[in-house]
1. Within the bounds of region 389-396, is there any residue that is surrounded by 20 or more Cβ atoms within 10 Å (Cβ to Cβ) and under 24 Å from residue 301 (Cβ atoms)?
2. What pairs come out if I take residues in region 55-81 that are at positive phi and at pLDDT 95 or above and pair them with residues that are outside any loop (DSSP other than H, G, I, E, B) and surrounded by fewer than 20 Cβ atoms within 10 Å (Cβ to Cβ) whose C-beta lies under 8 Å away, six or more apart or interchain?
3. Quick check: is even one residue across region 59-70 over 25 Å from residue 395 (Cα atoms), assigned to a helix (DSSP H, G or I) and touching a helix residue (DSSP H, G or I) at 6+ places or on another chain (Cβ under 6 Å)?
4. If I ask for residues that are under 24 Å from the mean Cα position of the chain (by Cα), modelled with pLDDT under 95 and assigned to a loop (DSSP other than H, G, I, E, B), which ones from region 195-235 would you list?
5. So the check is Cβ under 6 Å with 6+ separation or different chains; which pairs have a first residue in region 242-261 that's assigned by TED's automatic domain parsing to the domain that holds residue 388 and at positive phi and a second one that's surrounded by 24 or more Cβ atoms within 10 Å (Cβ to Cβ) and outside any helix (DSSP H, G or I)?
6. Which of (1) surrounded by fewer than 15 Cβ atoms within 10 Å (Cβ to Cβ); (2) closer than 18 Å to residue 318 by Cα does residue 406 not meet, given it meets every other one?
7. Within region 35-45, which residues are under 15 Å from residue 392 (Cα atoms) and buried (at least 21 other Cβ atoms within 10 Å of the Cβ)?
8. With the structure loaded, tell me whether residue 388 is farther than 24 Å from residue 271 by Cα and not assigned by TED's automatic domain parsing to the domain that holds residue 306 or whether it fails that test.
């Protein structure tokens, strides 16, 4: 009796995936994937850095694709562009002295949301040492999250990374609002007997406009429940030349994800049978602080967002081989198991994040929605631990496997089916404690 029941069920399952396979293979074409990513990662886009003509060109291209597909603007917006304002603070003067001796300008920098700092042995300033052997990135993150004013003495072991971050800081700090708390002053050098310190810092402020690009397919039966497909379309722009090349094209990071968002929008619009409202959004300013997704998170009711598929770097096969990706924060909700269940019978498979030490869950735009409880995860194939092209001028289309990108887009189309159809609802993620 059980065998008789099993055979029709198995036949139905195989028929379902045959139909799904027919859909994705017909509607998601590799030549179109190649067209989109080659445009986004072209030299003409100049690396798509925030606040540059290149990112304006990229936004216009994405808007054109959304219009051609037939998406609607995000609720509350009168176009596909979601504008918002931020402030850039750029240092005018930085003067630091320790034990009465002025620190050379190339050995100090300030990371602050405050327009000005005047410290002189302030009791509310915590002095810490970033000693040799410590993890610079982990310590830096902890300092940023602390919200405290800190004078950080950096061991010369970290000279290379210190100089790199100092160069970035020289371009200015982007903030949603100015704040006198949480200022970080970094000083390079050994200071074992600190008796006194003084910091004088002033900056100029500049109001700037940023823009996400977002489009919507309204849900047919559950329009108040949102499923988000996202990627960031900004990158690093122009870097120091390497073998005559200075454009950081960002083909994998994250023109590949942006291409997926556009292709999925076209796919679901053609099917036109989504129960839930689908939001396709490409974020700006991920590379300088996830500001685009942070703004977007303020424009939606988190309780109405059922799931977020954030797509980040799918241009090469994963450590699990072809037709396989990983999901960050796999253990935080049942989002991953739902996707895996939908992929059964297909050639694709999703795995838990194999790089927990990289803290990837909170290093991409999914974090902005996860912080408020949304089952928001990033899907990626990048071997981040050995990827030597990451954040370099060598991240170009010629280094990517377009077939891999295409197969991952198909996997996303299939794996999201039950969520898009209103059948499955992932468990919520606990809100991040502040």
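The values are calculated or read from the model by the stated rules, or taken from the named source; none is laboratory data. As the structure is a prediction and not an experimental result, all values here were calculated from the model. For neighbour counting, all protein chains shown are included, and Cβ atoms are generated from backbone atoms with ideal geometry for every residue, glycine included.
1. Looking through region 389-396, none of the residues is surrounded by 20 or more Cβ atoms within 10 Å (Cβ to Cβ) and under 24 Å from residue 301 (Cβ atoms).
2. 70/269
3. yes
4. none
5. Sorted first by the residue in region 242-261, then by its partner, the pairs are 250/235; 250/395.
6. If we test residue 406 against (1) surrounded by fewer than 15 Cβ atoms within 10 Å (Cβ to Cβ); (2) closer than 18 Å to residue 318 by Cα, just (1) comes out false.
7. Correct list: 41 only.
8. no
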